[in-house]
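Enquirer: I'd like to ask you about the structure that follows.
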Amino acid sequence: MALVVLDPGHGGSDPGATNGGYQEKNFTLEIALKTRDYLLNNYHVDILMTRTTDTDVSLADRVALANNNGADYFVSIHINAGGGTGFESFIYDGSVSPNTVEWRRILHDAIMSRIGNSWDVYDRGKKRANFYVLRETAMSAVLTENLFIDTQQDLNKLTNSSFIADVARAHAEGIAQALSLSAKVPTAGSRH
Ligand SMILES: [Zn+2]
């Protein structure tokens, strides 16, 4: 069975980006936990989380969890800052496998198809960067930047539980599609 590592960015003493009392670390954890739950409820897949609570986890430990367990895919979830708007995704800007490129395309497009029109989220594009967790992971890895905490129209969505649920479901569906996860079918006993 495929093993996916979900990595909620920041945590503990590292809030990530902030806007007043709103902290990136809380949004990333909320999205990651809901992504995990949706995947486990609907697909045959194993999941490891780099954190499930508000704790400090070093970048090295996040990568080590994935590398030491032979994960198939590493998905790091973040919230953007800096005054822009919308969604973007990153893969490593050095040498990457064909799967890394293809799985990112599938995941990015799945996310935008669910939140683009229905939530009026701007597509900032498929990007590449020299981020630690993308560079040091031994398997395909992607990092998503889910809207801007310091842009009011984006923050309004991030504080909407329906939006968070949709973003999480979109991550789960994209991961499932990328890895060709088999869907769980209801057992006979659960039919009405
Ligand atoms: Zn971040």
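Enquirer: Name the residue that is farthest from Thr151 (Cα to Cα), counting only residues in the stretch 3-32 that are away from the ligand (no atom under 14 Å from the Cβ) and crowded, with 19+ Cβ neighbours inside 10 Å.
Expert: Going through the qualifying residues, I end up with Val4.
Enquirer: Still on this model: Name the residues in the stretch 117-126 that are of a type outside the set (A, V, I, L, M, F, W, C), in a loop (DSSP other than H, G, I, E, B) and closer than 19 Å to Gly83 by Cα, would you? Spell out how you get there, then give the answer.
Expert: Restricting attention to the stretch 117-126, the residues satisfying the condition of being of a type outside the set (A, V, I, L, M, F, W, C) are 117-118, 120, 122-126.
Add one more test, that the residue is in a loop (DSSP other than H, G, I, E, B), and what stays is 117-118, 120, 122.
Those that are of a type outside the set (A, V, I, L, M, F, W, C), in a loop (DSSP other than H, G, I, E, B) and closer than 19 Å to Gly83 by Cα: Asp120, Tyr122.
Enquirer: Tell me yes or no: at least one residue of the stretch 84-98 is part of a helix (DSSP H, G or I), closer than 11 Å to Ala141 by Cα and in contact (Cβ under 8 Å) with a residue 40 or more places away in the chain.
Expert: no
Enquirer: Next question, about the same structure. Phe163 - would you say it is of a type outside the set (Gly, Ala, Ser) and touching a helix residue (DSSP H, G or I) at 6+ places or on another chain (Cβ under 7 Å)?
Expert: Yes.
Residue-by-condition table, conditions (1) touching an Asp or Glu at 6+ places or on another chain (Cβ under 8 Å); (2) more than 13 Å from the ligand (Cβ to nearest atom); (3) modelled with pLDDT under 95; (4) among the small types (Gly, Ala, Ser):
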site	(1), (2), (3), (4)
Lys34	no, yes, no, no
Gly70	no, yes, no, yes
Tyr92	no, yes, no, no
Asn99	no, yes, no, no
Ala110	yes, yes, no, yes
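Enquirer: Determine whether Arg135 is on the phi < 0 side of the Ramachandran plot, open to solvent by less than 40 Å² (accessible area, probe 1.4 Å) and not small (Gly, Ala, Ser).
Expert: So Arg135 does not fit the description; no.
The values are calculated or read from the model by the stated rules, or taken from the named source; none is laboratory data. On a predicted model such as this, the values are computed, not experimentally measured, just so you know. In this analysis, Cβ positions are derived from the backbone assuming ideal geometry, glycine residues included, and neighbour counts consider all displayed protein chains. Quick note on the areas: whole protein, heavy atoms, side chains included, nothing else; ligands and nucleic acids left out. Shrake-Rupley method; radii C 1.70, N 1.55, O 1.52, S 1.80 Å.
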